Amino acid sequence: MEILKDLFELETVDENCSQETCEKWDSLGQLNLVVELESEFGVSIEPEEIGEMRSFHDVIRILKEKLS
Amino acid sequence: MSYFVFRNNTVESFFPKGYVFSGYDDISVIPENASAYVWFYQATLGFDQSALENTLRGYREKFSFVLGRIGPDKPFYVLTMEELYAVPFTEDDKRVRRAIGEYNDCLWDAGRTHTNVKVLDFSAFIRRYPNDEAVDWKFYFVSQMGINPRLAKDFRVWWDRKLESVALKRKKCLVLDLDNTLWGGVLGEDGVSGIRIGGDYPGKAFRFFQEALLELSRTGVILAVCSKNNEADVLEAWGKNPYLVLRKEHFSAYRINWTDKASNLRELAEELNIGLDSFVFVDDNPAEREIVRQMLPMVSVPEFPRQPYELPLFFKKMVEDYFTVYTVTEEDRKKTEQYKANAARVRAQQAFTDFGSYLESLDIRMSLEEADDFNIPRIAQMTQKTNQFNLTTRRYTDSDIRRFLSEGWKIWCLRVSDRFGDSGITGCIFFDGTTIDTFLLSCRILGKGIETAFLKYALALLREQGVVSVEACYVPTAKNSQVSGFYERCGFSLKAEEPGGAKRYSLALQDADLKTDKYYHITSR
């Protein structure tokens, strides 16, 4: 959550955050998000997953798969 | 509009917010309202050597095209190219490497022939990392990132430091401890010939460090010593130990005593007339470093290596962090001598009771020079670095100054010498029409009435050209309070005082007293 908030310069962030609702979540934002998530959680997010990751729920799902 | 970046890869995350980017490999748009331009092309990644060679040649042509279309008063920051991924199928095929070399040569040439072009050595940045980390292929294929995005944060730090070095901002004075910092061992215990300097390790490492510091001082960084020792012992060591590289004459000032280092640093700052925020303090003792950090948070205090063999890397990092500057002017090279000549002047002053006869004895020669290609870098540097005797503290680059001249401003700089030495170019005055935009003098020539003589003489030159009155202003900063009443003392009348403390003045030239005292031998050209 905090990562999304800082990265996309949001005042508030909730679970409904997604590429559609968030102005700064464009392709460059996506890139920065991947870099931040990888270093924060020590995982490698694969290109296919980068393509699928369009909302907060997607992020959580992908991270859960990685970390379980 | 802000900085505009020409690029051929995804590099947005490498630059601060607000930068604007060209399309990939696109030079069709060159926005005229950008405040500065950046050229950041990276080597294309691929396998067909002759195709790569051709692409690089194309980049050179594109660069030349853009260079020809950017105004000479707009800063143009150009990054060099580095081979990030090479799979040479035969060892002797160096075509791409050669083409990259030629591309970089083309950039460096532009830097030599165009004053607005500053070449920043990207290779020096990327070489800090293992070659295999330079590119992250996942991000290359997904987002066309030519460089690993994980390096972005480090790159932004490097970029900021580089822009500062181009603006000629750096620390001015390096204060050094002696025992176990400039030599191994403790002088008071080991004696003049017992300290480790030169010869075998660890003396070899300390001598290497001293040689490095000597060269640093030749670029205009002032060296000083702050050490807990007996002064007589140190003077003896400087005089007698044949392996020392740095001796008494290399230090502009020193404090060798048993007083605490924070007090000594304050005294050094006063004696050298340099702000403490321009100091870097190097000491092997963590307790001393901590005290200075606590008492004088504006002083930079780098960590000191535990082992003498780590000194070369420590030195490299220290220079990168505090002392790198894009070019060095003639004045910088002479700085140590000038600060020492100043000390001699202070001593001469003590011998005279009458200030006038002291000034006369100095044989002060002042010469006003109009801004030209040779002195503009120095003038820009003074606007960037002068804090105390600076009426408006406006920071300008050499491109700014060239633009002012093209707009008809009158800009003079001041060269001062006396019987103790040549202080070089140490002051300047900018007239935007009849308004004094900038008036500043380097602190090391103050205390001789030169500031008033300089101002009067410049105003007299304007009067000869038919100017009847001038306006001026004082803009307060944290450091220039000593000049808050300067224009009043020169006979200007105060017109307005703003809430923030800024003051506006004017002076009618026809009745103004613009005669300068006979002690000053002033010429202009």
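Data overview
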read-out	value
Options B:Val245, B:Val225: the member that is assigned to a strand (DSSP E or B) and among the β-branched types (Val, Ile, Thr)	B:Val225
Residues of region B:410-426 classified as open to solvent by less than 30 Å² (accessible area, probe 1.4 Å) and not small (Gly, Ala, Ser), total	8
Some residue of region B:187-197 being modelled with pLDDT of 90 or more, in contact with a helix residue (DSSP H, G or I) (Cβ under 8 Å, 6 or more places away or on another chain), away from every other protein chain (no Cβ under 14 Å) and open to solvent by 60 Å² or more (accessible area, probe 1.4 Å)	yes
Flag if A:Thr21 is of a type in the set (S, T, N, Q) and surrounded by fewer than 12 Cβ atoms within 10 Å (Cβ to Cβ)	no
B:Leu455 vs. criteria buried (at least 19 other Cβ atoms within 10 Å of the Cβ) and either modelled with pLDDT under 85 or not in a strand (DSSP E or B) (or both)	yes
Conditions (1) more than 21 Å from B:Ala458 (Cα to Cα); (2) free of Cβ contacts under 8 Å to residues at least 60 places away in the same chain; (3) open to solvent by less than 50 Å² (accessible area, probe 1.4 Å); number of the one not met by B:Asn480	(2)
Pair list, Cβ < 6 Å and 6+ apart or interchain, from region B:275-298 residues that are more than 20 Å from B:Leu182 (Cβ to Cβ) and open to solvent by 50 Å² or more (accessible area, probe 1.4 Å) to residues that are of a type in the set (D, E, K, R) and in a helix (DSSP H, G or I)	B:Met298/B:Asp277
Some residue of region B:231-238 being at positive phi and open to solvent by 60 Å² or more (accessible area, probe 1.4 Å)	no
Matching option when the condition is more than 28 Å from B:Cys443 (Cα to Cα), of a type outside the set (A, V, I, L, M, F, W, C), in a loop (DSSP other than H, G, I, E, B) and modelled with pLDDT of 90 or more, among B:Glu310, B:Glu303	B:Glu303
Meets criteria (in contact with a Ser or Thr (Cβ under 7 Å, 6 or more places away or on another chain) and over 22 Å from B:Val29 (Cβ atoms)) for B:Glu82	yes
Elements of type helices (runs of 4 or more DSSP H) contained in region B:71-173, each with 3 or more residues being in contact (Cβ under 8 Å) with a residue 24 or more places away in the chain, more than 14 Å from chain A (Cβ to nearest Cβ) and more than 21 Å from B:Phe15 (Cβ to Cβ)	B:95-113
Every residue from region B:35-58 that is within 35 Å of the chain's Cα centre (by Cα) and under 25 Å from B:Pro149 (Cβ atoms)	B:Ala36, B:Tyr37, B:Val38, B:Trp39, B:Phe40, B:Tyr41, B:Gln42, B:Ala43, B:Thr44, B:Leu56
Which numbered condition B:Tyr41 misses (of (1) open to solvent by less than 50 Å² (accessible area, probe 1.4 Å); (2) closer than 24 Å to A:Trp25 by Cα)	(2)
Cβ pairs under 8 Å, 6+ apart, first in region B:320-349 and under 23 Å from B:Lys162 (Cβ atoms) and among the charged types (D, E, K, R), second open to solvent by 70 Å² or more (accessible area, probe 1.4 Å) and modelled with pLDDT of 70 or more	B:Arg333/B:Arg218
Members of region B:6-17 that are in a loop (DSSP other than H, G, I, E, B) and either within 13 Å of another protein chain (Cβ to nearest Cβ) or surrounded by 15 or more Cβ atoms within 10 Å (Cβ to Cβ) (or both)	B:Asn8, B:Asn9, B:Thr10, B:Val11, B:Phe15, B:Lys17
Matching residues in region A:28-45 - criterion: being part of a helix (DSSP H, G or I) and either away from chain B (no Cβ under 11 Å) or in contact (Cβ under 8 Å) with a residue 24 or more places away in the chain (or both)	A:Asn32, A:Leu33, A:Glu36, A:Leu37, A:Glu40, A:Phe41
Odd one out for B:Ile147, checked against (1) β-branched (Val, Ile, Thr); (2) out of contact with any strand residue (DSSP E or B) (no Cβ under 8 Å at 6 or more places or on another chain); (3) surrounded by fewer than 21 Cβ atoms within 10 Å (Cβ to Cβ)	(3)
Per-region count, region B:463-510, residues touching a Lys or Arg at 6+ places or on another chain (Cβ under 8 Å) and of a type in the set (S, T, N, Q)	3
Residue within region A:4-11 that is buried (at least 17 other Cβ atoms within 10 Å of the Cβ) and more than 14 Å from chain B (Cβ to nearest Cβ) present	yes
Criterion: under 30 Å from B:Phe374 (Cβ atoms) and either open to solvent by 40 Å² or more (accessible area, probe 1.4 Å) or more than 24 Å from the chain's Cα centre (by Cα) (or both) - qualifying residue of B:Glu102, B:Glu133, B:Glu91, B:Glu164	B:Glu164
Region B:354-383, residues that are surrounded by fewer than 18 Cβ atoms within 10 Å (Cβ to Cβ) and closer than 19 Å to B:Arg402 by Cβ	B:Glu370, B:Asp372, B:Asp373, B:Phe374
Unique residue being more than 28 Å from B:Phe76 (Cα to Cα), out of contact with any Ser or Thr (no Cβ under 8 Å at 6 or more places or on another chain) and either among the polar types (S, T, N, Q) or open to solvent by 30 Å² or more (accessible area, probe 1.4 Å) (or both) when the list is B:Thr435, B:Thr397	B:Thr435
Pair list, Cβ < 7 Å and 6+ apart or interchain, from region B:503-525 residues that are more than 22 Å from B:Lys448 (Cα to Cα) and aromatic (Phe, Trp, Tyr) to residues that are open to solvent by less than 60 Å² (accessible area, probe 1.4 Å) and not in a loop (DSSP other than H, G, I, E, B)	B:Tyr505/B:Ala472; B:Tyr505/B:Cys473; B:Tyr505/B:Tyr487; B:Tyr505/B:Ser493
Given (1) open to solvent by 90 Å² or more (accessible area, probe 1.4 Å); (2) assigned to a loop (DSSP other than H, G, I, E, B); (3) away from chain B (no Cβ under 13 Å), number of the condition A:His57 does not satisfy	(2)
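The values are calculated or read from the model by the stated rules, or taken from the named source; none is laboratory data. This is a predicted model, so every value here is computed, not measured. Here Cβ is always computed from backbone atoms with ideal geometry, including for glycine, and neighbour counts include all displayed protein chains. All accessible areas refer to the heavy atoms of the entire protein, side chains included, with ligands and DNA or RNA removed. Shrake-Rupley method; radii C 1.70, N 1.55, O 1.52, S 1.80 Å.
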